[in-house]
Amino acid sequence: MKSFLLSIVLFHFLLAYDYKLQPVKVGKSSTHCFFGLPQVMDEHNNGNMSNSCFVNLGSSYLVIDSGPTYQYAAQAYKKMQTIKKLPVSYVIDSHVHDDHWLGNSYYVTLGAKIIGSKAFQELPKLDKTRMQRRISPEAYQQTKQIFPTLFVDKEKVLAINGKKIYIKSVNHKAHTNSDLYVYIPSQKTVFVGDLVFNQRLPSLRDGDINGWIEALDAIKKMNVKYIVGGHGKNIDKHAVDFTYTYLTILKNEVTKRLKEGEGIEDVVNEVTMKKYKNIPFYNSIHRQNVETVYRTLEWDVE
């Protein structure tokens, strides 16, 4: 019987997808991140498109964003054990997009507590997640929809081994209606989820450009050395600039045309922002972003 069970485990192990994850140290801090690819999720990358970070708090790891699958999270944790053998005490989900939290299903097997925004309380469990529809069954195996059980309203403060971790809600729609950021003063680091994109265009499909720019204005004023976003490898204090510049130019261009009375089709065709045309996701996202911003701002301009 034991040999039969072992053969089943080995069979599933051989079927599992190897993400080939490599942890990258964040400056001289005690943080390591796994940086995702600037690609759309598919059966080639199997959802490896977002960032997941581990903070060494002395007696345990704090994980910010658990990644796209159970397999991804298990492989990330195994890699971190080669750096230092520590349990995971908490996982913080920065927002409700599933490439950032489906790895929760692995961390709960370790006994980690999952923290997220109150928006998760209203998130329905789906027959098939977006991730499940787009990646291979081998990569998705064992992945379950595990939501946070601890929730952040405005702010939650953790104290672990004398270190304070501030988990703050944006408290208005920005990238989504559920954005959290995690500030660790002792590390001079803030983890901002998808409020900050680098090396690919941001998506406004679930967001509000006014609220997003407002959130970035607040982040830009923080006394930090590292700003770690949800996508992209740029993590210094200027990491916010790419997203901030794109959004402010986009808002100004659409506002100008709205004031001139132009219709949505003309604005979508005219606001090309060609300086971004070689940035990943430009062809698939930019026109949609222009349309979303037009619909958001048209009532303000009137």
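Among the residues making up segment 232-259, a single one is outside any loop (DSSP other than H, G, I, E, B), closer than 22 Å to N48 by Cα and touching a helix residue (DSSP H, G or I) at 6+ places or on another chain (Cβ under 9 Å): T243.
Output yes when any residue across segment 164-179 is among the charged types (D, E, K, R), at negative phi and surrounded by 23 or more Cβ atoms within 10 Å (Cβ to Cβ), and no when none is.
Start the filter on segment 164-179 by keeping residues that are among the charged types (D, E, K, R), which leaves 164, 168, 173, 179.
In the following step, the residues that additionally are at negative phi were identified as 164, 168, 173, 179.
Now drop any that are not surrounded by 23 or more Cβ atoms within 10 Å (Cβ to Cβ), which leaves 179.
Looking through segment 164-179, at least one residue is among the charged types (D, E, K, R), at negative phi and surrounded by 23 or more Cβ atoms within 10 Å (Cβ to Cβ).
Could you tell me which residue of segment 234-278 is farthest from the chain's Cα centre (by Cα), considering only residues that are surrounded by fewer than 15 Cβ atoms within 10 Å (Cβ to Cβ) and of a type in the set (D, E)? Applying the filter and picking the extreme gives E260. Considering only segment 260-299, state which residues are assigned to a helix (DSSP H, G or I) and either touching a residue at least 60 places away in the same chain (Cβ under 8 Å) or among the small types (G, A, S) (or both). Y276, Y282, S284, I285, H286, Q288, N289, T292, V293, T296, L297 - these are the residues of segment 260-299 that are assigned to a helix (DSSP H, G or I) and either touching a residue at least 60 places away in the same chain (Cβ under 8 Å) or among the small types (G, A, S) (or both).
Among all residues of segment 222-238, there is none that is among the hydrophobic types (A, V, I, L, M, F, W, C) and farther than 26 Å from K188 by Cα. Against the test of being under 14 Å from Y70 (Cα atoms), touching a helix residue (DSSP H, G or I) at 6+ places or on another chain (Cβ under 8 Å), modelled with pLDDT of 95 or more and surrounded by fewer than 24 Cβ atoms within 10 Å (Cβ to Cβ), the options T109, T129 yield a single qualifying residue, T129.
Selection of segment 106-135 for residues being of a type in the set (S, T, Y) and under 24 Å from S169 (Cβ atoms) yields Y107, S117, T129.
May I ask you to say which residue of K156, K85, K173 is over 27 Å from A239 (Cβ atoms), charged (D, E, K, R) and at pLDDT 95 or above?
On the way: K156 fails: over 27 Å from A239 (Cβ atoms); K173 fails: over 27 Å from A239 (Cβ atoms).
Step by step, each of K156, K85, K173 is checked, and only K85 is over 27 Å from A239 (Cβ atoms), charged (D, E, K, R) and at pLDDT 95 or above.
Considering only residues of segment 202-224 that are in a loop (DSSP other than H, G, I, E, B) and in contact with a Leu (Cβ under 9 Å, 6 or more places away or on another chain), which is surrounded by the fewest Cβ atoms within 10 Å (Cβ to Cβ)? Of everything passing the filter in segment 202-224, L204 is surrounded by the fewest Cβ atoms within 10 Å (Cβ to Cβ).
Flag not set for V182, criterion: closer than 21 Å to T292 by Cβ, among the aliphatic types (A, V, I, L, M) and under 15 Å from the mean Cα position of the chain (by Cα).
The values are calculated or read from the model by the stated rules, or taken from the named source; none is laboratory data. What you see is a predicted model, and the numbers here were worked out from it, not measured in a lab. Ideal geometry is used to build each Cβ from the backbone, glycine not excepted, and the neighbour counts take in all protein chains shown.
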